[in-house]
Amino acid sequence: MTTKLFFKTLNLEARTTMSYRFDFWISAVIGFIAEFGAVWFLWNAVFKESNSDVIGGYSLSSMYIYYLTVILISKIVRGSRSKNDIASDIYQGNLNKYLLFPVNYILYKYAQHLGVMFPSFIQFFLFGVVVILVIDLPNDINLSFTSIFMALITIFIANILYFLMNYMLKLTAFWIDNVWSLDAFKWFIVSLLGGYMLPISVFPKNLQIVLNYLPFKFLFDFPVNTLFGKIGVEIWVKEIAISLIWCLFFLIVCRLVWKKGRLQYTGVGI
Amino acid sequence: MPLIKINNLHKKFRVHKKEEGFLGSLKALFKRQYIDKEAVVDVSFSVGKGEIIGLLGANGAGKTTLLKMLTGIIHPTKGNVEILGYNPWDRKNEFLKEISLIMGQKAQLWWDLPAADCFLLLKEIYVIPEKQYRETIEELSIKLNVKHLLNIQIRRLSLGERMKMELIASLLHRPKVLFLDEPTIGLDVKSQRVIREFILDYIKKYSPAVILTSHYMDDIQYLCERVLIIRSGKIVYDGLLTDLAQKYSPNKIIKAHFKEKQESLNILLDLQKYGEILHNEKEQIHLMVNRENISNTTNYLLEHYEIIDLSIEEVDISITIESILDNKKLDSINDY
Ligand SMILES: Nc1ncnc2c1ncn2[C@@H]1O[C@H](COP(=O)(O)OP(=O)(O)OP(=O)(O)O)[C@@H](O)[C@H]1O
Ligand SMILES: [Mg+2]
């Protein structure tokens, strides 16, 4: 697959996504407010009940900032739901055409994935700027150019990692008819263990140790903490290396599953 | 050297039986029942450069399944395929750049994009040189009269217009091996003709190896010399289209032009002894007669009636093919 094709695909996908979504901005803003509102009430109550100022290293106000950030970051890590879903390609037989193209399917899908999430990029930066300008940051959050730069790299890798995990799951469509029922389950696991539902530092110590050995934290918890300047450069480099190893691991698994799955494929739909 | 070489190819589909009702689904959770379906059975043939093969068969005969194996979409259960020296299953880029599969049943172009954008994407996918790309688009879109439609989203085009775009798209990279799966399905007579002529044009210019399936005999007769007839996954005929009639149609048609209108019932009864009367209007009578009785019959006619003109023709090829497709005698019945 040539670089030119990669960006051409990305570009086209971004354009069609933008032209389709009249409701895009409205739904984004409403979703954001709803999700953040729920978190607001929940943590307000929790802090009040527990009578403590700090939970898992977070004060109430930095807890809010955590959620604000993680919701924003997740837009980029997860990307948008796409109609070019790998599972539906397999299920409906659109895969036929991609099998005929002299291109690498996974790379092609990744280009599409980046294209579809392009509007999320814009949202991320716009909301991000608003947040930084409008909100007083508590002093346990050290936003700096270095931390922002490191966070961008981290988020980029998180995006790849999430894509690969998702891809692996979707490839099971070669065997299972209704992969989408697994989607909710996947999101539950990933958001719980990755630091989307709760910051990982809120969990019991033992669980935290276990989570440290799993790939999920690289999706949300680690990018947020990197952005907040809580990760030293040395540790950051080490963690990035580990997250890249996870990416490689999932890539290899995906390839194996793809190979096995293609043997099952019957080219439905024609 | 043949461009397409196929040896003892088999494909068996395994489908799990879906039982009816809720209880059935529950049972299937624990024990699935499978049915094996032999879609392609022991198929061997080869196709040379510039050769156009018509693949004929009833619905469900296994034509599309065969093409899917030849293009590397599905894995053969047994046997091997070699196209341009490659095994399609490996999906080597060099191989994929030389082939094309056109499916009349299913849109391959991107639904939301106008054709012009689709073509640009294909240009990058197949790494087509700028000059060749421009020339091809220009030439083909004028030939098919779709130049004014290039900037309209594919989903807004009519079936025929879309098919023309699909055709252009699949020829952009000038494939050396071309698979056409019912390219004219659902099109009106004029569009069918335009597309037929267009395909022939491409074939004359680039002499690819072509396998074409179609349920329209016109397509086959216009484009193919050699045909393969496939029945229940097996090839039952591989040879020239023109030989087909002689081999498989036991009958010919005698068309007699009488001097005056034959009204008496007698003559009709008389002729029915020789064959079946297909047509009887004014002075014309068409009689379907067994090959062996042709000379007897013509002699009889000429001796007993005043005839201006008399011709002997083959039965319409599509009738012959239909009878082959229906006829279970041609191979062992128990496999059917
Ligand atoms: N994906 C599949 N899974 C299971 N069985 C299949 C599948 N595709 C085709 N078959 C079966 O294989 C046989 C051959 O199908 P195929 O699509 O090759 O027929 P065809 O000759 O192309 O027919 P048509 O003229 O209707 O297009 C059919 O009996 C069909 O039911
Ligand atoms: Mg078919």
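The values are calculated or read from the model by the stated rules, or taken from the named source; none is laboratory data. These figures come from a predicted structure and were not determined experimentally. Counting neighbours? That spans all protein chains shown, and the Cβs are built from the backbone with ideal geometry, glycine included.
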I'm told B:Y86 meets every condition in (1) within 16 Å of ligand 2 (Cβ to nearest atom); (2) under 17 Å from B:K176 (Cα atoms); (3) surrounded by fewer than 23 Cβ atoms within 10 Å (Cβ to Cβ) except one. Can you identify the failing condition by its number?
(1)
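Looking at B:L178, B:L140, B:L109, which one is within 21 Å of the chain's Cα centre (by Cα) and aliphatic (A, V, I, L, M)? Walk me through it before giving the result.
Numbers: B:L140 fails: within 21 Å of the chain's Cα centre (by Cα); B:L109 fails: within 21 Å of the chain's Cα centre (by Cα).
Answer to the check: B:L178.
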Name, by its number, the condition in (1) away from ligand 2 (no atom under 16 Å from the Cβ); (2) at the interface with chain A (Cβ under 8 Å from one of its Cβ atoms); (3) not acidic (D, E) that does not hold for B:T77.
(2)
Determine if segment A:16-38 includes at least one residue that is touching a Pro at 6+ places or on another chain (Cβ under 9 Å), within 14 Å of chain B (Cβ to nearest Cβ) and of a type outside the set (A, V, I, L, M, F, W, C).
yes
How do the pairs read when you match residues in segment B:176-187 that are farther than 19 Å from B:E98 by Cβ with residues anywhere that are within 13 Å of ligand 1 (Cβ to nearest atom) and polar (S, T, N, Q), using Cβ under 6 Å and keeping only pairs 6 or more apart or on different chains?
B:E182/B:T213; B:E182/B:S214
Please identify the pairs in which a residue from segment A:254-270 that is within 11 Å of another protein chain (Cβ to nearest Cβ) has its Cβ atom under 6 Å from the Cβ atom of a residue that is among the small types (G, A, S) and more than 8 Å from ligand 1 (Cβ to nearest atom), counting only partners at least 6 apart or on another chain.
A:V268/A:G93; A:G269/A:G93
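Given the criteria of a type in the set (A, V, I, L, M), under 26 Å from A:Q92 (Cα atoms), away from ligand 1 (no atom under 16 Å from the Cβ) and at pLDDT 95 or above, does B:I99 qualify?
Numbers: of a type in the set (A, V, I, L, M): yes; under 26 Å from A:Q92 (Cα atoms): yes; away from ligand 1 (no atom under 16 Å from the Cβ): yes; at pLDDT 95 or above: yes.
When the stated conditions are applied, B:I99 passes them.
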Verdict on B:I185 being within 14 Å of another protein chain (Cβ to nearest Cβ), farther than 23 Å from B:N299 by Cβ and within 16 Å of ligand 2 (Cβ to nearest atom)
yes
Do you know which residues across segment B:63-84 are within 16 Å of ligand 1 (Cβ to nearest atom), under 22 Å from the mean Cα position of the chain (by Cα) and not in a loop (DSSP other than H, G, I, E, B)?
B:K63, B:T64, B:T65, B:L66, B:L67, B:K68, B:M69, B:L70, B:V81
Do we have any residue at all in segment B:101-110 that's more than 8 Å from chain A (Cβ to nearest Cβ) and in a helix (DSSP H, G or I)?
no
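Would you be able to tell me the number of residues in segment B:26-62 that are assigned to a strand (DSSP E or B) and within 13 Å of the chain's Cα centre (by Cα)?
Count: 5.
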B:K164 free of Cβ contacts under 8 Å to residues at least 24 places away in the same chain and either away from ligand 2 (no atom under 16 Å from the Cβ) or assigned to a strand (DSSP E or B) (or both):
no
Lone unmet requirement of (1) within 15 Å of ligand 1 (Cβ to nearest atom); (2) modelled with pLDDT of 95 or more; (3) touching a strand residue (DSSP E or B) at 6+ places or on another chain (Cβ under 8 Å) for B:N87:
(1)
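Looking at B:A58, B:A39, which is the one that is small (G, A, S), within 15 Å of ligand 1 (Cβ to nearest atom) and within 12 Å of another protein chain (Cβ to nearest Cβ)?
Working: B:A58 fails: within 12 Å of another protein chain (Cβ to nearest Cβ).
Selected residue: B:A39, the only one of B:A58, B:A39 that is small (G, A, S), within 15 Å of ligand 1 (Cβ to nearest atom) and within 12 Å of another protein chain (Cβ to nearest Cβ).
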Against the conditions (1) away from every other protein chain (no Cβ under 14 Å); (2) without any contact (Cβ under 8 Å) to a residue 60 or more places away in the chain; (3) touching a Pro at 6+ places or on another chain (Cβ under 6 Å), where does B:N93 fall short? Just the number, please.
(1)
